[in-house]
Structures are given as C-alpha cells and as structure tokens.
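Comments concern the structure below.
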C-alpha cells in the first residue's frame, strides 16, 4: 500500500513560497513558506504536518491496543508536540512528546498504560521517526 503527497516550492529559501498536497485531496495546495516554518507567520510547515500525522496514527494504534485488551474507547485525544531546533548539524527534529487523554469505560489503569506504551512503540509513524518519542498518557 502506498500513500502519496506532493510539494512544490518556488523561489529562494527566505523569499520563496510552497504548497503541499495529498493525493487523496484531503490536503490540497496548502501554502507554506520560510516565515511559517521559522518565524511567526500563521500557517503550516512540514514539522507541524509530521506532528499531526503522529497524533492521528498514535490515536488509532491506541484504539487497537485497547481493543485487544478488551476495552472499547469512547474517545482518545492526542496532542503531539514536536521539538524542532537548530543543532550543530543544522535544523533537526529533536523529539516528539505525545500527550494523551482517553476515556475507556472499565479500563484497568495498568492495562491502559501498557496499551499506550504498545501504541507508542508500534504506531507506524513512531517506527518511521528516527527521534526520541516521549509520551504522557492519562485515562479520564
């Protein structure tokens, strides 16, 4: 199974502009530029899109892990905070922190934590990223 996305960039690094799209059309021609990525201009950037992908992937993986443990979640909310900083090797994604809150009636807290750890380890986006991934998981 393949998933496709595309990006187009016009101009120099600081004065150029780009767009990003997904083949499905869910993201279509979304603008990005230097100020959106490194400054204060509102808009998206590649790192924000990676964080969104990780939050979505993890939420689905946790739903699966909870289901395998015999629990059906009512809601899972995941916020991914990606730390993007300049290092001696250049700009790098240094870490991602997942802040998770879930409502799963009757779930045992220990089994919930085990499910959350399993989801963090087994989510395809977690496995893709070559970075430290941290998490806090809370059962509501």
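What is the residue count in segment 72-107 for residues that are farther than 22 Å from residue 22 by Cβ and touching a strand residue (DSSP E or B) at 6+ places or on another chain (Cβ under 9 Å)?
Counting residues in segment 72-107 that are farther than 22 Å from residue 22 by Cβ and touching a strand residue (DSSP E or B) at 6+ places or on another chain (Cβ under 9 Å) gives 23.
Can you name the residue in segment 1-27 that is assigned to a loop (DSSP other than H, G, I, E, B) and surrounded by 11 or more Cβ atoms within 10 Å (Cβ to Cβ) and, of all such residues, is farthest from the chain's Cα centre (by Cα)?
Result: 11.
For segment 81-106, what are the residues that are buried (at least 19 other Cβ atoms within 10 Å of the Cβ) and either over 13 Å from residue 50 (Cβ atoms) or free of Cβ contacts under 8 Å to residues at least 12 places away in the same chain (or both)?
100, 102, 104
Values quoted throughout were computed directly from the atomic coordinates according to the rules given, and no laboratory measurement underlies them. It should be emphasised that the depicted structure is a prediction, and the values quoted were computed from it without experimental measurement. When we count neighbours, we look across all protein chains shown, and the Cβ atoms used for this are built from the backbone with ideal geometry, even at glycine.
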